[in-house]
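See below for the structure under consideration.
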Amino acid sequence: MRFSLLGVLVVACGAGVRAATAKISVNTKALILATDDSGKAAIGTLNGYGIPYDSIVMSDSGYTLPALTNSDGSCKYGVIVAFRQLYNSNSKGSWVSFLGSDQWQKIYDYQVACGVRLIHLGAVPNQWDFACSLVSSNDATESNSLYSTNHQFFLDTDVAKAEFPTANLKNPKNARFASTWHTPGWCDDTLLQYAWGMTSQNAFLYNEPLKLTSPASGTLASVSQPALGVINRYSSGREQMAFFTTFAQWAEASIYMNHIWINWAFRGIIPGRRQVLLGLQVDDLLLPTAVYAANYTYRITVDDVVNHAKWQIDLNKRLTSSNPGSEVFLEFGFNGNGAFIYDQTVLGLSKNGTCPISVTYTGPQPVTSLEYAKPPGTGSDLWPANQTYNWPDNCIFYDPIAKMFSQNNTGGDNVNGVSDLFGLVSHTFTHEGENPITYADSKREITYNQQFQSKSFFDKAKRFSPNGVIPPAITGLHNADAIKAWMEAGINYVVGDNTRAPLRNQQNDRWPLISTAADNGYPGLVIIPRWANRIYYNADGVASDVQEWLDVSPSQATNSMTNLLSIERATTAQYLLSLYHDPFMFHQANLRVWQDPGVSVNGVSGPWSLIQMWTESILDEFVQYVNWPIQGLKHDDMGRDFVDRMNRDLYSGFSVAWTTSSDGTTITGFTVDCSNSSWSGEIPVMVPGDVASLSNARVTQYGSDPATLWVSKFPTSFQLKSPIQMHGTKINITSAAISLTTALPSLTLPTTSLVGSFPVSDIISAKSTSAASASLSSVASAKSSSASASATTSAAAKSVSSSSTAKLTSSSTSSGRSSSSSTSSASGTSSGSSARTSSGSSTSSLRASSTTSSATASSTASGDSDASRFLNSLCADSTTAASVGNLCTLWNAFKQTGKIQKRLVLPEGMPQYDWDNEGGHPEAIPRWRKRDGHQAHGRHIKRHQ
């Protein structure tokens, strides 16, 4: 907490800075200021948009800020973000702000001169800085509960529409803090008298109503609208936004709040784009799967396919209603040999000579370590030496599943084809593991599937990806022979596995990984990041999935599909809100439809498949927060999207600067430019309204979200048809508008009501695809143990190299910065991205535990800051203390609770990974995501014989 009384006195005695009265140019770049790694909580969301930023981490008090303006007088930053008002323990052990009053004044003067807004994250309410008083208790236990409980929070939509309309947020119906510290405040206009020069405030975010049994002096016993976020305005023209909660990059609430300040600070002119992508990739189409903890295999049926086609149509209708502009779809990775396995094993057509037998290996597949790098030219072929593609075309269509995917639907509700509904991409012909594969076998795996896709008409599907492949079990990505064969066959884009650090870009997790000869054996392949989840590859229903969860993660798992889905809801909502574009991994067995799966999802008991349960659950969680459209991209388009983003970040040197009217009262337009004069790509810019001319730009807009301009010539200036007012106004707030409740809903999956107004239709009908539903108890009684093979992954950073697919070099984004005029060192990064930590559950029963303790601030009282000395001296005398109202009460409360406790750091030892043969389990979390110390297991073996 920073008490700015002395800073206020400086302003009062000075010349009196006033808002700019001349035309100015402001670069839309963010400046992040922190005293530790807290800035990552903001950087992750900035990176999701693609917003440039500079991040400065101050190592000690007395820091001197770098220049905030450019040499030509233009304004370098469009927003300044400060964490915890830059308070921390300095090298002397005192809890002080690392910026002195003169440096804070430098920020204030810059705000006034450039019209730039200041954001305080992790602030604590006080009258002097925010015209809010801290809600506190005299009882330590009550205070601890007050600041650490998973309270529900609410958005005032009236204020949101006036202050940050382009955020396009909803007032979430069931959103809570999960293991983040928050300090609600009582914000009232009567407190403006204590904040020098402050003229108005708009509270926009609220905690649930609070009742205290032992309220501290100055705190009401009952606070109906405890504020968590407030906007302050000053007579000088300065504006600031403060959040009274700590921020964490893994916290759903923090990510949601990031979108508030980003849109408010930039006034809707955002350098980058906001697009939510939900990729649902289903591997192993046409193959059977050996079901976990069972003695049978499962291959999807026509009934399963029809059910999912109808469900997808209905899902998109509901999404369009709740989040206009939405459209998602399932994308299947197919293995052509599976059709001929069906002909041979189910129809027996190989016996009468109608169809040749499927490919049969000449020996067992070698077992390798996960990141095994086969020396080029080594290994033994497993395919028969005389194998040819000799299957007549009609043998494809004897398989009813292959036939369904070969044709469009012409039957209306009686679905008879799905090639116009789903996506299709190669998963290789037989699914041979490609870690030890030879060049000859890898080439046949790709080219045979290409022949199959042509003869089956899969390549005529609406969303077919000819230049992509899903590697079998995500193997072969260190095999030069395999990658060479793929790329020679026109394959440019593959998916990786986010649980394996060597397959993820360590420089920026929003970029793909580009293979290199050094790390992968062969250069130029684009590896798209892909998420694992707790819907396991060999699970066909609730029984097998929950049993595998229990076996894989005994420290976390419970015998409850509802709990599993609750974790998936929270985890996936964080990824979507953070604007990750990585698709999610599923498998064909996950599409088995159960008439009565034994669990209700959003109030509907069935019929459900595992992938339907997962999708309905995570969308139900996500759409409560935002009105944004959620969309799918086919595999090849995802690959191009990732490459375009990386090239834009690395090579364009783009900037977006808004300009004001001649009197400085409105923003009239903006200019998009690139420092790289040879840049020939596009630069996206979100805009809050129409522009006068679209010369040199194209427009994309979906649903109710703001439009995005894709600018292709530089520099290009745009004029807004409706100029934006530089300063906001006071909004009258009413309790009715906020709709606070004291009867709070449970955070477990609802069984009778829906979250986020996302109803589930019950019009879908489907036959059960099983003779009988296996019970959890029966499977649990037959619990099997699985041998596991561990592999430790390396987190070494990967460099990018040149390729024909994308313009890539080993150069990185601009390096860390430090100010030469600083009296203490600081480290920082520019235009980078933070590594993600693992996500927490949205339910109080499943959240990772955090511990807090009563922390004293004795060092604060003896601190050497001007504010500390002044306030300690003032409050030591009872007469003078009584003359300043609640100031000393507030100061003394701060000294007891002001050092906000950090969330307990959970074990961070590098996990030992055990792997299944379809990519990593989500429990096998790299160090930068690990939270609950659990591990995955599985068997790296071939299961499709």
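The values are calculated or read from the model by the stated rules, or taken from the named source; none is laboratory data. Since this is a predicted model, take the numbers as computed values, not measurements. Quick reminder, even Gly has a Cβ in these numbers, built from the backbone with ideal geometry, and neighbours come from all protein chains shown.
None of L287, L228 is buried (at least 23 other Cβ atoms within 10 Å of the Cβ), assigned to a loop (DSSP other than H, G, I, E, B) and in contact (Cβ under 8 Å) with a residue 60 or more places away in the chain except L287. Entry remark, the range 403-431: residues being of a type in the set (D, E) and modelled with pLDDT under 95 number 1 in total.
Among all positions in the range 624-633, there is at least one residue which is under 28 Å from L205 (Cα atoms) and among the β-branched types (V, I, T). As for the range 189-207, it holds no residue that is within 30 Å of A570 (Cα to Cα) and assigned to a loop (DSSP other than H, G, I, E, B). Of the residues that sit in the range 709-731 and are of a type in the set (S, T, N, Q) and either in a strand (DSSP E or B) or at pLDDT below 95 (or both), which one is surrounded by the most Cβ atoms within 10 Å (Cβ to Cβ)? Selected residue: T716. Exactly one residue out of T571, T615 is crowded, with 23+ Cβ neighbours inside 10 Å, within 17 Å of E331 (Cβ to Cβ) and β-branched (V, I, T), and it is T615. If you go through the range 241-275 and pick out every residue that is part of a strand (DSSP E or B) and either of a type in the set (F, W, Y) or surrounded by fewer than 24 Cβ atoms within 10 Å (Cβ to Cβ) (or both), you end up with 1.
The single condition among (1) at pLDDT 95 or above; (2) outside any strand (DSSP E or B) that S680 does not meet is (1).
The test for being more than 26 Å from the chain's Cα centre (by Cα), touching a residue at least 60 places away in the same chain (Cβ under 8 Å) and at positive phi holds for G197.
Please enumerate the residues belonging to the range 281-338 that are out of contact with any Leu (no Cβ under 8 Å at 6 or more places or on another chain) and of a type in the set (G, A, S). Hits for the range 281-338 are A290, A293, A294, S321, S322, G325.
All of (1) surrounded by fewer than 21 Cβ atoms within 10 Å (Cβ to Cβ); (2) closer than 21 Å to I618 by Cβ hold for G197 with one exception: (2).
Is it fair to say L579 is assigned to a loop (DSSP other than H, G, I, E, B), in contact (Cβ under 8 Å) with a residue 60 or more places away in the chain and either surrounded by fewer than 24 Cβ atoms within 10 Å (Cβ to Cβ) or among the acidic types (D, E) (or both)? So L579 passes the test. Can you tell me which residue in the range 31-68 is farthest from V687 (Cα to Cα), limited to those that are of a type in the set (S, T, N, Q) and not in a strand (DSSP E or B)? Step by step, filter the range 31-68, then rank; the result is S61.
Candidates in the range 514-560 are the residues that are among the aromatic types (F, W, Y) and assigned to a loop (DSSP other than H, G, I, E, B); of these, the one that is nearest to Y372 (Cα to Cα) is Y522. If only residues of the range 486-513 that are in a strand (DSSP E or B) and β-branched (V, I, T) are counted, the one that is nearest to L525 (Cα to Cα) is V494. Can you name the residue in the range 454-485 that is among the polar types (S, T, N, Q) and in a loop (DSSP other than H, G, I, E, B) and is also farthest from A339 (Cα to Cα) among such residues? Among them, the one singled out is N479.
Results for (1) of a type in the set (V, I, T); (2) modelled with pLDDT of 95 or more; (3) more than 15 Å from M585 (Cα to Cα), shown as yes or no for each residue.
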{"residue": "A518", "(1), (2), (3)": "no, yes, yes"}
{"residue": "I528", "(1), (2), (3)": "yes, yes, no"}
{"residue": "I535", "(1), (2), (3)": "yes, yes, no"}
{"residue": "N538", "(1), (2), (3)": "no, yes, no"}
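Look at the range 293-319: where a residue is within 16 Å of S544 (Cβ to Cβ) and a partner is modelled with pLDDT under 95, sitting 6+ places away or on another chain with Cβ atoms under 6 Å, you get A293/V779; A293/S784; D304/T769. The combined condition, being of a type outside the set (D, E), in a loop (DSSP other than H, G, I, E, B) and closer than 17 Å to Q127 by Cβ, is fulfilled by S217. For the range 683-708, the set of residues classified as aliphatic (A, V, I, L, M) and at pLDDT 95 or above consists of I683, V685, M686, V687, V691, A692, A697, V699, A707, listed by residue number.
Screening T180 against (1) β-branched (V, I, T); (2) within 20 Å of F247 (Cα to Cα); (3) assigned to a strand (DSSP E or B) leaves a single unmet condition, (3). Name the residue that is surrounded by the fewest Cβ atoms within 10 Å (Cβ to Cβ), counting only residues in the range 322-372 that are small (G, A, S), farther than 24 Å from A589 by Cβ and at pLDDT 95 or above. Applying the filter and picking the extreme gives G363. One residue stands out among those in the range 211-253 that are of a type in the set (F, W, Y) and under 29 Å from the mean Cα position of the chain (by Cα): the one that is farthest from F130 (Cα to Cα), which is W250.
One line per residue, one yes/no per condition, for (1) surrounded by fewer than 23 Cβ atoms within 10 Å (Cβ to Cβ); (2) in contact (Cβ under 8 Å) with a residue 12 or more places away in the chain; (3) within 20 Å of A41 (Cα to Cα); (4) among the hydrophobic types (A, V, I, L, M, F, W, C):
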site: V135; (1), (2), (3), (4): no, yes, no, yes
site: A140; (1), (2), (3), (4): yes, yes, no, yes
site: N150; (1), (2), (3), (4): yes, yes, yes, no
site: F154; (1), (2), (3), (4): yes, yes, no, yes
site: T157; (1), (2), (3), (4): yes, yes, no, no
site: K161; (1), (2), (3), (4): yes, no, no, no
site: N174; (1), (2), (3), (4): yes, yes, no, no
site: F177; (1), (2), (3), (4): no, yes, yes, yes
site: C187; (1), (2), (3), (4): no, yes, no, yes
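Among the residues here, V418 does not qualify as in contact (Cβ under 8 Å) with a residue 40 or more places away in the chain and closer than 30 Å to G521 by Cα.
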